[in-house]
Amino acid sequence: MKGNKRAARFSKAFRESLTRYNKDITEQAAETPYGVPYRPAIWGARWDIQSFGFRHYFLASAYPDIVDAAPVMNALNFVLGCHPGSNQASFASGVGTRSATVAYGANRADWSYIPGGVVSGTALRRPDFPELLEFPFLWQQTEYCLGGASSHYMFIALATKQLLQEKH
C-alpha cells in the first residue's frame, strides 16, 4: 500500500511538472516566428531544434492531454525551410523546393552533395533573420552531419507523420 501512495504522489508531481514544462515551452516558442524555442549562440541552432523535436515527441505522444505536439511539427518545418526572412532553404539536401545541396562534406576539396544529408544550418546575422550562404567552406553553416543531425531529421519526419495520423 505504501508503494502505491508513493507512486501516486510521484505521478501527480510528474504531471504537474509536465504542465509547467509545456507552459514554458509554449512561452519560449511564442518568442520566435518558428513555433519552437530558438536561442542560437552562433551557428548550428538547427541541431538544437531537431534534438528538441526528437525529445519533445516522446512527451507529446505519452501525455497528449498535457504536452502540445505542435512543436514537433514546427521543428520539422524549421528544418524544411519554413523561415521568415530571405532564407527559406531546407537544411536537408534534396528535400524541399530550395534545399542546401552544396555543403562541406566528406570530400572537402570540392562542392560536395550528399542526398539526404542535413547541414548544420544558418549563421545568425544580428539583428536580421538567419541567413544561409551557398558556399561550402563555411562549415558552420553547411557542414553535413550524420549522427544526431540526419537521424533526428528522419525521426521528427516520421514522428510528425505519426502525430498527424493520430489526430485523424
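The values are calculated or read from the model by the stated rules, or taken from the named source; none is laboratory data. If you're wondering where the values come from, they're calculated on a predicted model, not measured in any experiment. Counting neighbours? That spans all protein chains shown, and the Cβs are built from the backbone with ideal geometry, glycine included. Ligands, DNA and RNA are excluded from the accessible area calculation, which covers all protein heavy atoms including side chains. Shrake-Rupley method; radii C 1.70, N 1.55, O 1.52, S 1.80 Å.
Just the number, please: carbon plus sulfur as a percent of the accessible area of the stretch 6-63, 1.4 Å probe, no ligands or DNA/RNA counted. So the carbon and sulfur contribution to the accessible surface is 59 percent. In this structure TYR153 has an accessible area near 30 Å², from a 1.4 Å probe over the protein heavy atoms. Counting only heavy atoms of the protein chains and using a 1.4 Å probe, ARG9 has close to 150 Å² of accessible surface.
The residues neighbouring ALA75, those whose beta-carbon lies less than 15 Å from its own, together hold a net charge of +2 under the Lys/Arg +1, Asp/Glu -1 convention. Only lysines eight or more places from LYS23 in sequence, or on another chain, were considered; those with a Cα closer than 29 Å are LYS5, LYS12, LYS161, LYS167.
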